[in-house]
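So the structure is just underneath, and the comments pick up after that.
None of the figures in this text is laboratory data; all of them are computed from the coordinates on show. Treat the numbers as computed from the prediction; the structure is a model and nothing was measured. For neighbour counting, all protein chains shown are included, and Cβ atoms are generated from backbone atoms with ideal geometry for every residue, glycine included.
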């Protein structure tokens, strides 16, 4: 799978996406991630990419031309249109279901906004969808793009040791993940639940399912929606 990220801060993106699982997956060739500096495509002699908004207001907006020039350079030799995402508070909120949808795309371009935003015309021209990672304000789209790239990459073949590495994680089946424990068997007077050291795998599986449902009901009942608990826990 291929990701192209259009950003004003490619070094920042490279730092985040060159470490841990994603960095290893890139080096092994399971995914391709390239970060492109929008400023390199500015037609201004000072490489400016922003200007004041029409109608007034505080802050600056990213101009459409450098973004378009960058996008055109990425797609000029392709016989298909990559699925293009703009990370934006206008977008639908990113979740695990959306990650699985994006995983089916062979090539994704992500546009990171900055300053007070991006000229709407370029978004309307190139973006296939807008995605938000939550209802809060961050400085730019880079962190959101890193979240999306990381989450989708984990679902790609070869990135993790096997599908069970993500199918049992939080949100995969609509529930939060069950509590996890490791050595020592007793820590500060708190013992590991007896069932986990019993060796009875059926009982362990049933305990984990019950605990996942219990935690979800306590912490995130919104994830259950209209589904009755017994159906959700299956």
Inset, instruction - Let me know the shape class of the range 90-212, please: from the alpha-carbon gyration tensor, a ≥ b ≥ c as square roots of the eigenvalues, rounded when a/c is under 1.5, otherwise prolate if a/b is greater than b/c, or oblate. - result: prolate
Inset, instruction - Using a cut-off of under 16 Å, list every residue of the range 189-220 whose amide N is near the label point 7 Å from the Cα of residue 182 along the Cα-to-beta-carbon line. - result: 192
Inset, instruction - Report, in degrees rounded to the nearest 10, the 0 to 90 angle that the Cα long axis of helix 64-75 makes with the longest principal axis of the chain. - result: 70 degrees
Inset, instruction - Quick one: work out Rg over Rh on the C-alpha atoms of the range 26-138, Rh as Kirkwood radius. - result: 0.98
Inset, instruction - For the chain, set up a Gaussian network in which alpha carbons nearer than 10 Å are linked by springs, and say which option among 184, 64, 53 fluctuates the most. - result: 184
Inset, instruction - Within 10 Å, count the other beta carbons around each residue, average over each peptide in 173-181, 24-32, 191-199, and list them highest first. - result: 173-181, 24-32, 191-199
Inset, instruction - Enter the angle in degrees (range 0 to 90, nearest 10) between the Cα long axis of helix 201-219 and the first principal axis of the Cα atoms of the chain, meaning the one along which they spread out most. - result: 50 degrees
Legend entry - Distance between the range 95-128 and the range 29-60 - C-alpha centres, whole angstrom: 15 Å
Legend entry - Surface/4 of the Cα convex hull for the chain, nm²: 17.5 nm²
Legend entry - Helix-only [θ]222 nm of the chain, DSSP H runs n ≥ 4, -39500 (n - 2.57) each, per residue, nearest 500: -10000 deg cm²/dmol
